[in-house]
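Nothing in this text is a laboratory measurement; each read-out follows from the coordinates by a stated rule. All of these numbers come straight from a predicted model, not from anything done at the bench. Every residue, glycine among them, receives a Cβ derived from its backbone with ideal geometry; neighbour counts consider all protein chains shown.
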Amino acid sequence: MAHFATRPLPARLVLRGYRESDLSGCLAVYDSNLGHTLPDSRVLLEDHLRNPFLHYLVVESEEGIVACGGVDQWGDLARASFAFGMVERRLHGRGIRTLLVLARLALVDCSDGEITVFLTTAERTEGFYRRFGFKVSDQSEFTNDYGGGLYYQTFELFFTQEMRAEVGASLRSYGPSLVIDYESLGGPSRLAKTSAGAEAIPRPELLPGSPHP
């Protein structure tokens, strides 16, 4: 069973769309996790941010970018995929990881029926994702393709319009502690980039954090 409950955020945060000027901030979040939960594969993130994608979000505090993560969707295949979700290492276990998952699930379009949401992530985060209803995919292989001594598996979630409504309610429950500045999430300004013609290339979720986000 999926559970979409939130946790109090550590500060007032802004959730908005990625801008080209955010590249260095997102790379800094990635680098903060090197040697802890992420392999030295930042070139994959750079490539992702310089190529078409449907949605990529950043979470920003007064100090700057503290988290980022994307979701791609291919409607003709009835599937979506999380990509490069990560939280600054010093803020692990503060509820931001949960926010990042909920925000991306809210962007998955289920209006035409159930969507399978995939992610590839390190073994140690299995418990966290199971809380949202993700399960190890039947097609998953235990692999260390990304190096760094970390092993990854592919998880999947069969996501419905009813579940999407629950996720939306959870996002609203943050109240004034969260400012949503992304048009596709009901915010006022950010325009989503489109992924017309983009290939469905699996990308690592690489979402670091403690077992208790």
Revision key, fill the gap. Looks like the range 13-185, by Cα gyration tensor root eigenvalues a ≥ b ≥ c and the a/c under 1.5 rounded cutoff (else prolate when a/b is bigger than b/c, oblate otherwise), is rounded
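For ARG131, ARG97, what ranking results if the residue with the fewest other Cβ atoms within 10 Å of its Cβ goes first? Could the numbers behind the result be given before it?
Details: ARG131 15, ARG97 26.
So the residues, fewest neighbours to most, are ARG131, ARG97.
Summing +1 for each Lys or Arg and -1 for each Asp or Glu, what net charge is found among the other residues whose Cβ lies under 10 Å from the Cβ of VAL87?
Details: positive: ARG89, ARG90, ARG94, ARG97; negative: GLU88.
Around VAL87, the surrounding residues sum to +3.
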Exercise for review: Check each of the GluC sites (Glu not before Pro) in the range 41-135 and keep only those in coil by DSSP with at most 14 other C-beta atoms within 10 angstrom; list them in order.
Suggested key: GLU62, GLU63, GLU114
**Study point:** Proxy reagent accessibility, fewest Cβ within 10 Å first, across THR120, THR6
**Key:** THR6, THR120
Point to revise | Positive-end residue of LEU107, PHE53, LEU15, charge dipole of the range 13-185 with Cβ unit charges | key: LEU15
Exercise for review: Determine the gain in length on full extension of the stretch SER137-ARG172; use 0.36 nm per residue of separation and subtract their C-alpha separation, reporting nm with one decimal.
Suggested key: 9.6 nm
